[in-house]
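Below: the structure, in structure tokens.
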Amino acid sequence: MTARTVLVTGSGRGIGRAVVLKCLEEDCRVIGVDCDDERQQQTRQLALAAGHAESSIDLHCLDLADGQAVLAEVPRWPALQGGLFGLVNNAAIQILKSIFSYSVAELDRTWQVNMRGPLLMLQACYPFLQKARGSIVNIGSVADTGYHARYALYGGSKSFLHHASRHVARDCGFQGVRINVRSEEHTSEIQSH
């Protein structure tokens, strides 16, 4: 049986790293994407130390803020060519400060990574998801429904992702690809047709 392939963004630490390790435990082949190669190598070492085969881990250093690179590079990765069982859009940046303190660069980077990045990953991966009738999991946050000081930008970006996923489900579901949003507090099952 061919291993199921799962692509995880933000795989160099935190939730992304945990998802990589869990997918490996479930006998999946994992493609990890992170903008920091040193963190990626730490993920690799943890996976190997846990007894997972080197051939099950395919790590790439890619900044999701570079939209052209996402669209040009991702579809060429050999591990995707047999189909993609799952896309986990986890990568995000979290800059917490008063809304009056953000620089234009911080606003732009949050848009590029947290909002545009998952949509571009979907575009790049969609033919492979269709091939495997795969699923998309967008990692949300309780910050998209709970309101706190200094969370306007991050919480707003997660709210965008949650609501965009509902609309994307109408495009994907007709073609056999499911999409869900998962946050620390709940999973939002989005109906795909």
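Within region 140-184, the set of residues being part of a loop (DSSP other than H, G, I, E, B), aliphatic (A, V, I, L, M) and either in contact (Cβ under 8 Å) with a residue 60 or more places away in the chain or touching a strand residue (DSSP E or B) at 6+ places or on another chain (Cβ under 7 Å) (or both) comprises Val177 only.
The single condition among (1) touching a Leu at 6+ places or on another chain (Cβ under 9 Å); (2) open to solvent by less than 60 Å² (accessible area, probe 1.4 Å); (3) under 15 Å from Val6 (Cβ atoms) that Val168 does not satisfy is (3).
Taking region 39-65 as the range and being free of Cβ contacts under 8 Å to residues at least 24 places away in the same chain, out of contact with any strand residue (DSSP E or B) (no Cβ under 7 Å at 6 or more places or on another chain) and of a type in the set (D, E, K, R) as the test, only Glu54 passes.
Of the residues Ser55, Ser103, which is of a type in the set (Ser, Thr, Tyr) and open to solvent by 70 Å² or more (accessible area, probe 1.4 Å)? It is Ser55.
The values are calculated or read from the model by the stated rules, or taken from the named source; none is laboratory data. Fair warning: this is a prediction, and the values are worked out from it, not measured in the lab. Reconstructed Cβ throughout: ideal geometry from the backbone, glycine too, with neighbour counts over all protein chains shown. Calculation scope for accessible area: heavy atoms of the full protein, side chains included, ligands and nucleic acids excluded. Shrake-Rupley method; radii C 1.70, N 1.55, O 1.52, S 1.80 Å.
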